[in-house]
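Below is one structure, written out as structure tokens; comments come after it.
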């Protein structure tokens with residue numbers, strides 16, 4: 001999910017950066033003081049998740065956890081993912097400085113999308129339904145990220161359909177795994193700290 | 001009583017799974033499974049070998065390799081084989097920039113300095129005929145320095161091959177545990193600072209409104 005430096009053209013990079021700035025601004029505005037520690041915890045989860053590589057598929061794919069971040073944090077996922085991607089770039093050399101904006105957008109935008117599609121139904125009393133929604137959240141977030149990544153590669157000469165097919169197939173195991181992780185985390189939070197989930201939906 | 005027991009068991013297993021998951025992350029990460037494409041190139045004789053790989057053992061197969069000279073002029077291009085390797089014989093022995101594009105937005109480059117070609121430059125550029133050894137007075141003292149250099153180069157290439165391999169292997173080591181923990185530390189530090197400032201702002205606002213409240217009370 002991390003585009004290397006020197007692959008994309010300037011217009012794509014600038015668009016990505018602008019969208020990220022906007023998203024982060026909204027995220028920071030909506031962030032509650034009391035939720036800052038929670039954002040920190042999920043940011044570090046996101047930061048480490050990219051180190052879990054999944055050996056299946058033609059290329060190197062890894063966990064992203066953006067669906068989970070969207071589910072729990074809502075708009076705060078934007079600043080969280082920005083910090084995570086920046087540190088991954090600085091410390092692990094994933095992606096790069098010029099691609100920080102577009103990489104953040106590719107992972108954070110699906111998080112917000114999933115937040116709006118799935119998170120609202122999560123307060124459902126039936127925990128089975130809630131877990132199914134969380135699974136969908138993790139699954140769809142990666143799917144959308146893969147499609148966004150394919151879209152941003154259009155201008156580099158790779159055809160969209162070809163790149164999209166390749167990326168979606170490569171990320172299929174990640175989608176399933178992320179869905180499971182999101183469902184498990186949700187089950188955990190519902191048992192231990194249900195008010196964390198409630199808070200998001202009240203403010204969102 | 002029963003459903004409560006069942007619930008607490010479920011709760012305990014969820015917690016156990018969650019803890020197990022968080023604990024295994026750094027352990028798995030320690031096996032150097034990065035998500036970034038790397039390139040490494042070395043010279044053996046007249047041939048330049050290029051190797052592309054993701055973190056760990058995963059090779060970058062069928063990836064585009066482009067070779068540029070110092071001025072940025074493209075000299076040649078090719079694709080890596082199923083071992084992630086590509087080799088070519090450069091026409092000029094100058095500094096080469098080798099760019100590997102692995103698709104899906106992965107790209108990296110490696111600069112092979114001119115010095116990597118070693119003495120080969122000397123032995124190629126000046127094959128002066130008068131220095132050729134004549135068969136009549138072939139002694140150790142009059143051995144052609146160019147030939148000698150070539151022989152040494154060959155021997156060194158052979159001897160250094162495992163060392164070069166070792167360097168290429170160590171370069172592929174992914175993120176270290178210290179780096180991962182350092183990163184997490186950064187995140188918590190950053191959010192700690194954010195919390196500090198937002199709390200201070202809140203306090204200031206609180207004090208200001210208190211003062212205002214007092215002023216209002218005084219004016220009344």
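No value in this document is a laboratory result; all are computed from the given coordinates. Computed from a predicted structure; not experimentally measured. All Cβ positions, glycine included, derive from the backbone under ideal geometry; neighbour counts span all protein chains shown.
Working note: Debye formula, equal point scatterers on the alpha-carbon atoms of segment A:101-194, no solvent; log10 I(q)/I(0) at q = 0.15, 0.23 Å⁻¹ is -0.61, -1.08. All distinct Cα pairs of segment A:11-121 go into the 1/r average, and the inverse of that average, the Kirkwood radius, is 14.1 Å.
Using Cβ contacts closer than 10 Å as the measure, can you line up B:117, A:118, B:188 from fewest to most? It would help to have the intermediate numbers written out before the result.
Details: B:117 21, A:118 25, B:188 15.
By the 10 Å Cβ count, ascending: B:188, B:117, A:118.
Of interest is the spacing of the C-alpha centroids, which for segment B:174-210 and segment B:145-169 amounts to 53 Å.
Chain A: D in µm²/s via Stokes-Einstein (Kirkwood Rh, Cα pairs, 4 °C, 1.567 mPa s)?
Details: Rh = 16.8 Å.
It comes out at roughly 77 µm²/s.
Across A:106, A:52, A:14, mean-square fluctuation computed from a Gaussian network of chain A (C-alpha pairs under 10 Å connected) peaks at A:52.
Which order results if B:106, A:2 are arranged by neighbouring Cβ count within 10 Å, fewest first? Spell out each step's value before the answer.
Details: B:106 22, A:2 27.
Starting with the residue having the fewest Cβ neighbours, the order is B:106, A:2.
R0 = 60 Å: FRET efficiency of residue B:91 with residue A:168, Cβ-based, nearest 0.05? Using R0 = 60 Å, I get an efficiency of 0.90. Each part gets one Cα centre, and for segment B:50-107 versus segment A:109-154 those centres are 37 Å apart.
Sort A:13, A:167, B:148 by Cβ crowding within 10 Å, fewest neighbours at the top.
Values: A:13 19, A:167 28, B:148 12.
Sorted ascending by nearby Cβ count, the order is B:148, A:13, A:167.
When only Cα pairs under 8 Å and 6 or more residues apart are kept, what is the percent relative contact order across chain A?
Values: 326 pairs, mean separation 53.0, N = 204.
Relative contact order for chain A comes out at 26 percent.
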